[in-house]
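Student: Have a look at the structure that comes next, please.
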Amino acid sequence: QVPVVAVMTTGGGTRALTSLLGNLLGLQKLDLLDAISYITGSSGSTWTLSHLYQSTDWSRKDLSRLIGEVRRHMTKCKLSCFSLESLKYLFCCNLASPYTMPRRSLGFALSLFLVNSQKNNHKLSDERQALSQGQNPLPIYMILNIKEDYSLSEFKEWVEFTPYEVGFLKYGAFIRAEDFGSEFFMGRLMKKLPESRICFMKGDVLHGENLNCIKMYFIFNIIQTLHIATNEPSPPTRSHELETYLVTPECGIMDIIRQVLTERVMVSKFYNFLKGFQVHNEYLQSKSFCIWKDTVLENFPNQLTETAEFMCLADTAGYIDISYPPLMRPERKVDVVLHLNYSSGSQTSPLEEASKYFLKQGIPFPKIHLSEEEKKNLKECYIFEDTETPEAPTVVFFPLVNDTFRKYKEPGVERSPAEMTQGNVDVSSVFSPYCLNSFTYTEEEFDKLVELTSYNIQNNKHLILQALNSAIEQKRQSKK
C-alpha cells in the first residue's frame, strides 16, 4: 500500500542547480526524503545530483552543510579557473586519457568553472556506495541520443544513466555504468576503456544555452590568460586595422582552445554499445519498442542506432525540458511525481508538452490544462491526476514562482517590516539575477533562491500529503 514517489527535475543551468538544493531542503524539513524512491534530472539539475551523491548518506545529513559547500563555489569569482595552473592541469588530464573524446575538454573546463572539481576523481559507478543500503533515492540522469543529420522530429531516443547501468528505453538494452564509452560489437565488449570521470561527462548534460554562454566566457578568459603569460609588448595600433586576434593552434593548450571554439557544444559522441545488433523482423510489433516509437526512422531499421559507430548525445532541453521518461517505465510503477520546474520561458510548457507526448505514445499520464489567466498568475503548487486511469501517476507540480514568500518568511510566520526586502526574489523578469547566463551569484542572491524554493515546498505540505493519500486510496481500490 506504500506509494512509489519520485522527484522529477528539469534543466535551467545554475538556477536549477541552486533551486533543487532548496527544494530538497524543504522536503527534508518535512521528513519526506525517506519517502522518495527515484530522483531524475537533466541539464543543470544533474550538477546538483552528481555533487550530492558523492556523499554516501546525503539525505540523512543536514543538507545545510552540503548547500554551504555549493554556496562557496557559486559565490566566488570564476577567474581562478583560467589560471595557468588550471590550464596546465586540464592539458595534462587530456594527455593522460588517450581515449577521451574531444568534447570532454570543454566538459572538464565547465566542471572547473561551476563546482571547482579539479581534483575530483568521482565516477558515475561510484554513486552505488550511496545506494548500497537503500539510504538515498536512485538518481537517474536523462539525455537524448540523436542523429546530427536529422532534426529531433525525425529522430531522437531517450537514454537513461544510473550508477548501475546506461541504456535505451526504446530497445530495452543496457550496459554497466562502468562500461559506458567502451567499444562493443554485437553485445560483446571488444575494448574496455577507462570509465569517464563524472566531471568530463558533466559537459554532456549541462543546459545547451548555458553551455554557449560559458563557452564564450571560457574562450575570452583563456586567451586573456595566455596573452598575459607571454608578457610580450603589444604591437602599435593602426587606425586602418580591425581589433581582432588570430589564434593558431601550435601546442596542446592551443589545440584545446581550438576545440572549444569549433566544437558543436550541444552534441557529444561516445562509442555506440548497440553497434552490430540487428533489429528483429517483428520489432514494430514489440509493445516496449512501440511505446517509445515516435520518429520517422523507426520504419527503417537500417537507419536506427545499431548501425551507428557512435552515439550522439544531446541535452533533453532541445526537445522537451523534462526527465520524466525513466519514471514512465511500467516496471517502476511510480504513483506520485513531484515535478520541480526550473526551465526558462513558460513555466507550464514542459509539463504540458510532456502530457501531450505521453498521451500520444499511449503512456498513462494526467491531462494538463491551465487557462491563460492561470498561467499569468501561477500558484506555488498544483495537483494533476487522472482518476479514470489508475496507472497514471499523480503529478504535484511546483513552478518556480515567488508568491506568498513575499509576505511570509516561514509557513504561517509573517515578515516584519524590516524583513520585507528578503521576500523580494525576482525569478521571472528579464532582469532576474537567475537568468541562464548568470554563473556567479552574490551570497544574498544564492541564499534567497534556496530559501524561496525550500519555503514553496514546506508551504504546500498539505497538497503533497493529499497526493500521497490519494495514491494510497487508489492502491486500496485497485486491490478490491
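Student: Answer with yes or no whether L370 is under 26 Å from Y455 (Cα atoms), aliphatic (A, V, I, L, M) and assigned to a strand (DSSP E or B).
Tutor: So L370 fails the test.
Student: Next question. Please list, ordered by residue number, the strands (runs of 3 or more DSSP E) wholly in segment 138-185 having 3 or more residues that are in contact with a Ser or Thr (Cβ under 7 Å, 6 or more places away or on another chain). Even if it seems obvious, please write down each step before you answer.
Tutor: Details: elements: 138-146, 157-161, 165-168, 173-176, 183-185.
Those strands (runs of 3 or more DSSP E) span 138-146.
Student: How many residues are among the hydrophobic types (A, V, I, L, M, F, W, C), over 18 Å from C435 (Cα atoms), within 16 Å of the chain's Cα centre (by Cα) and outside any helix (DSSP H, G or I) if we restrict to segment 320-359?
Tutor: Adding up the residues that qualify gives 3.
Student: Could I ask something else about it? Would you check which residues across segment 315-326 are farther than 10 Å from T10 by Cβ and either surrounded by fewer than 22 Cβ atoms within 10 Å (Cβ to Cβ) or acidic (D, E) (or both) and list them?
Tutor: Answer for segment 315-326, where residues must be farther than 10 Å from T10 by Cβ and either surrounded by fewer than 22 Cβ atoms within 10 Å (Cβ to Cβ) or acidic (D, E) (or both): D315, G318, Y319.
Student: Could you tell me which residue of segment 150-207 is modelled with the highest pLDDT, considering only residues that are open to solvent by 50 Å² or more (accessible area, probe 1.4 Å), basic (K, R) and over 24 Å from Y283 (Cβ atoms)?
Tutor: It comes out as R176.
Student: Scan L465, L436 and give me the residue that is open to solvent by less than 80 Å² (accessible area, probe 1.4 Å) and over 30 Å from P330 (Cβ atoms).
Tutor: Values: L465 fails: over 30 Å from P330 (Cβ atoms).
Testing whether each residue is open to solvent by less than 80 Å² (accessible area, probe 1.4 Å) and over 30 Å from P330 (Cβ atoms) leaves just L436.
Student: Please find, among V450, V396, V401, V427, the residue that is within 24 Å of I322 (Cβ to Cβ) and in a strand (DSSP E or B).
Tutor: On inspection, the qualifying residue turns out to be V396.
Student: Looking only at segment 49-66, which residues are crowded, with 16+ Cβ neighbours inside 10 Å and either in a loop (DSSP other than H, G, I, E, B) or of a type in the set (A, V, I, L, M, F, W, C) (or both)?
Tutor: L49, L52, Y53, Q54, S55, T56, W58, L63, L66
Student: Take K360 and decide whether it is surrounded by fewer than 20 Cβ atoms within 10 Å (Cβ to Cβ), of a type in the set (K, R) and in contact with a Pro (Cβ under 9 Å, 6 or more places away or on another chain).
Tutor: Judged against the criteria, K360 is not a match.
Student: Can you tell me which residues in segment 129-174 are within 18 Å of Y357 (Cα to Cα), over 20 Å from the mean Cα position of the chain (by Cα) and not small (G, A, S)?
Tutor: E154, F155, K170
Student: If you take the residues in segment 3-48 that are of a type in the set (V, I, T) and in a strand (DSSP E or B), which one is surrounded by the fewest Cβ atoms within 10 Å (Cβ to Cβ)? Full working, then the answer.
Tutor: Narrowing segment 3-48 to residues of a type in the set (V, I, T): 4-5, 7, 9-10, 14, 18, 36, 39-40, 46, 48.
Add one more test, that the residue is in a strand (DSSP E or B), and what stays is 5, 7, 9, 36, 39-40.
Values: V5: 25, V7: 28, T9: 30, I36: 19, I39: 28, T40: 27.
The extreme case among them is I36.
Student: Next question, about the same structure. Has segment 390-397 got at least one residue that is among the hydrophobic types (A, V, I, L, M, F, W, C) and open to solvent by 60 Å² or more (accessible area, probe 1.4 Å)?
Tutor: no
Student: Looking at (1) more than 18 Å from I291 (Cβ to Cβ); (2) open to solvent by 10 Å² or more (accessible area, probe 1.4 Å); (3) in contact (Cβ under 8 Å) with a residue 12 or more places away in the chain, find the lone condition where E374 falls short.
Tutor: The single condition E374 does not satisfy is (3).
Student: Report yes if some residue within segment 432-442 is closer than 21 Å to G26 by Cα and either without any contact (Cβ under 8 Å) to a residue 12 or more places away in the chain or β-branched (V, I, T) (or both); otherwise report no.
Tutor: No: segment 432-442 contains no residue that is closer than 21 Å to G26 by Cα and either without any contact (Cβ under 8 Å) to a residue 12 or more places away in the chain or β-branched (V, I, T) (or both).
Student: Mind checking which residues of segment 255-296 are modelled with pLDDT of 70 or more, of a type in the set (V, I, T) and open to solvent by 20 Å² or more (accessible area, probe 1.4 Å)?
Tutor: Those that are modelled with pLDDT of 70 or more, of a type in the set (V, I, T) and open to solvent by 20 Å² or more (accessible area, probe 1.4 Å): V279, I291, V296.
Student: Cβ-Cβ distance below 7 Å, separation of 6 or more or different chains: which pairs start in segment 455-469 with a residue that is without any contact (Cβ under 8 Å) to a residue 60 or more places away in the chain and end on one that is among the charged types (D, E, K, R) and surrounded by fewer than 16 Cβ atoms within 10 Å (Cβ to Cβ)?
Tutor: none
The values are calculated or read from the model by the stated rules, or taken from the named source; none is laboratory data. If you're wondering where the values come from, they're calculated on a predicted model, not measured in any experiment. Every residue, glycine as well, gets a Cβ built from its backbone with ideal geometry; the counts of neighbours run over all protein chains shown. Ligands, DNA and RNA are stripped out before the accessible areas are found, and what is left, the full protein with its side chains, is counted by its heavy atoms. Shrake-Rupley method; radii C 1.70, N 1.55, O 1.52, S 1.80 Å.
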